[in-house]
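The values are calculated or read from the model by the stated rules, or taken from the named source; none is laboratory data. If you're wondering where the values come from, they're calculated on a predicted model, not measured in any experiment. Virtual Cβ from ideal backbone geometry, glycine too; neighbours counted across all protein chains shown.
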Amino acid sequence: MSLAGKTLFITGGSRGNGLDIALRAARDGANIVIAAKTTEANPNLSGTIYTAAAQVEQAGGTVQTVRGRPQIALSNPAQIELLN
């Protein structure tokens, strides 16, 4: 299945598996929405939502970022509205 032109919403996309998925999907032509909480560099953590977005763009993808908030359940439609 081709990801070209599809839009993926990836939680935890600033590092680790989330970032790996975002980069692979970007190389395959997907539009990426990255949700993550890390907005400022931390010596104990690799990457931020902004460095991840830059990497996705370098991989050829288009990207939007959503700063995540703690305690938002993606299974709850009312809480998803809080992301807007």
Exercise for the section: Kindly indicate which of Ala35, Ala59 is at pLDDT 90 or above, hydrophobic (A, V, I, L, M, F, W, C), within 14 Å of the chain's Cα centre (by Cα) and surrounded by 14 or more Cβ atoms within 10 Å (Cβ to Cβ). Expected result: Ala59
Exercise for the section: Out of the residues in the stretch 1-15 that are under 15 Å from Gly61 (Cβ atoms) and exposed (fewer than 12 other Cβ atoms within 10 Å of the Cβ), state the one that is farthest from the chain's Cα centre (by Cα). Expected result: Ser2
Problem - Odd one out for Ala53 among (1) at pLDDT below 85; (2) touching a strand residue (DSSP E or B) at 6+ places or on another chain (Cβ under 9 Å); (3) among the small types (Gly, Ala, Ser) - result: (1)
Completion exercise
Selection over the stretch 1-19 where residues are closer than 17 Å to Thr65 by Cβ and either out of contact with any helix residue (DSSP H, G or I) (no Cβ under 9 Å at 6 or more places or on another chain) or not in a loop (DSSP other than H, G, I, E, B) (or both) yields a count of 8
Handout entry: Residue within the stretch 23-31 that is in contact with a helix residue (DSSP H, G or I) (Cβ under 8 Å, 6 or more places away or on another chain), surrounded by 18 or more Cβ atoms within 10 Å (Cβ to Cβ), assigned to a helix (DSSP H, G or I) and not β-branched (Val, Ile, Thr) present
Key = yes
Fill in the blank from the handout: For the stretch 7-27 the number of residues that are at pLDDT below 95 and of a type in the set (D, E, K, R) is 1
Completion exercise
Cβ pairs under 6 Å, 6+ apart or interchain, first in the stretch 1-24 and of a type in the set (Ser, Thr, Tyr), second surrounded by 17 or more Cβ atoms within 10 Å (Cβ to Cβ), ordered by first then second residue, are Thr7/Asn31; Thr11/Ala35; Ser14/Ala36; Ser14/Thr38; Ser14/Gly47; Ser14/Thr48; Ser14/Ile49; Ser14/Ala52
